[in-house]
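Enquirer: Okay, handing you the structure first.
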Amino acid sequence: MMGSRQEAQAALFYAFSLEGHVPQDHLLRSIDRFVDLGSIRAHLADFYSHTGRPSVDPELLIRMLLVGYCFGIRSERRLCEEVHLNLAYRWFCRLDLTDRVPDHSTFSKNRHGRFRESKLLRHLFEMTVARCIEEGLVSGERMAIDASLIEADANKQNSTPKEDWDTKDIDPTDAPRAVREYLDTLDEAAFGAASEVQPKFMSHSDPASQCLS
């Protein structure tokens, strides 16, 4: 006997629990057991105003970014759509069914604003490494680095020969962000002083690109 046709009808009340709809073996459950983001509020406290409308919860933004990294969602616009639709993502991000997902533009504003200024992502990285050492997953005595080649945002036509490049003549207040960051880290052993190779040209848009030709 053929069953009756299914037609969705809106109900006034639902007995629904996100907790019960996320499988126990889901990857996000394994991650959630070890994720502790309680310290980021104190870390960001000085970068928020004490007046005005409440902003988006920074822990929510970090949890959403973790979802994106874990499941290969590179587009922030698509990430917001996926969190809106996926029950497991909502559960991990502490969003109820009726809670709004932040607009994708919120990520750019925070990443290039208070997240960069407060060095929040470095803080989270160091906190994660410390937790791994505490759990015995790593010793903290050795380090391996995997580097990737990234095309530099540099234009040879917009550059200066090395012998004409004098950092003392640069006004940091008028310099682009890439130049200011280059000047700030010029003498660090892991950056500007890491190599004895002298570039032939210095790019005005990205001095760290080290133009050798």
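The values are calculated or read from the model by the stated rules, or taken from the named source; none is laboratory data. The structure displayed is predicted, hence computed values, not measured ones. Glycine also receives a Cβ, built like all others from the backbone with ideal geometry; neighbour counts cover every protein chain displayed. Only protein heavy atoms, including side chains, enter the accessible area calculation; ligands, DNA and RNA are left aside. Shrake-Rupley method; radii C 1.70, N 1.55, O 1.52, S 1.80 Å.
Enquirer: Could you list the GluC sites (Glu not before Pro) in the stretch 50-120 that lie in coil according to DSSP, counting only those with at most 13 other Cβ atoms within 10 Å of their Cβ?
Expert: For GluC sites (Glu not before Pro) across the stretch 50-120 that sit outside H, G, I, E and B with at most 13 neighbouring Cβ atoms in 10 Å, the list is empty.
Enquirer: On to the next question. Using 0.36 nm times the number of residues separating residue 138 and residue 47, minus their current alpha carbon distance, what extension gain do you get? Intermediate results must be reported in sequence, preceding the final value.
Expert: Values: separation 91, 0.36 × 91 = 32.76 nm, distance 3.26 nm.
Gain in length upon complete extension: 29.5 nm.
Enquirer: Pairwise over distinct Cα atoms, reciprocal of the mean inverse distance: report the Kirkwood radius of the stretch 66-139 in Å, one decimal place. It would help to have the intermediate numbers written out before the result.
Expert: Working: mean 1/r = 0.0708 Å⁻¹.
Mean inverse Cα-Cα distance, inverted, gives 14.1 Å.
Enquirer: While we're looking at this one, here's another question. What figure, in Å² to the nearest 10, do you get for the accessible area of residue 17 with a 1.4 Å probe and non-protein molecules left out?
Expert: 60 Å²
Enquirer: Just want to confirm a number: the relative contact order over the stretch 18-155, from Cα pairs under 8 angstrom separated by 6+ residues, in percent.
Expert: Details: 68 pairs, mean separation 35.4, N = 138.
With pairs under 8 Å counted, the relative contact order is 26 percent.
Enquirer: Given the whole protein assembly as supplied and a 1.4 Å probe, what does the accessible area of residue 121 come to in Å², nearest 10?
Expert: 90 Å²
Enquirer: In terms of solvent-accessible area of protein heavy atoms at a 1.4 angstrom probe, what is the ranking of 87, 95, highest value first? The partial results should precede the final answer.
Expert: Working: 87 55, 95 15 Å².
Solvent-accessible surface, decreasing: 87, 95.
Enquirer: Considering only protein heavy atoms, with the full assembly of protein chains and a 1.4 angstrom probe, order 148, 30 by accessible area, largest first.
Expert: So, going from the largest accessible area down, we get 148, 30.
Enquirer: With r defined as the distance between the Cβ atoms of residue 56 and residue 128 and R0 fixed at 25 Å, what FRET efficiency is calculated, to the nearest 0.05? Before the final figure, lay out each step's value.
Expert: Working: r = 22 Å, r/R0 = 0.89.
For residue 56 and residue 128, the calculated efficiency is 0.65.
Enquirer: Could you pull the accessible area for residue 166 with a 1.4 Å probe, rounded to 10 Å²?
Expert: Number for this one is 60 Å².
Enquirer: Put a dot 7 Å past each Cα toward the Cβ at residue 180 and residue 74; how far apart are the dots in nm?
Expert: Roughly 2.9 nm, to one decimal.
Enquirer: Trypsin sites (Lys or Arg not before Pro) within the stretch 84-113: which are DSSP loop residues with at most 11 other Cβ atoms inside 10 Å? Please list the in-between numbers first.
Expert: Values: sites: 90, 94, 100, 109, 111; in loops: 94, 100.
Within the stretch 84-113, the qualifying trypsin sites (Lys or Arg not before Pro) (loop, at most 11 other Cβ atoms within 10 Å) are 100.
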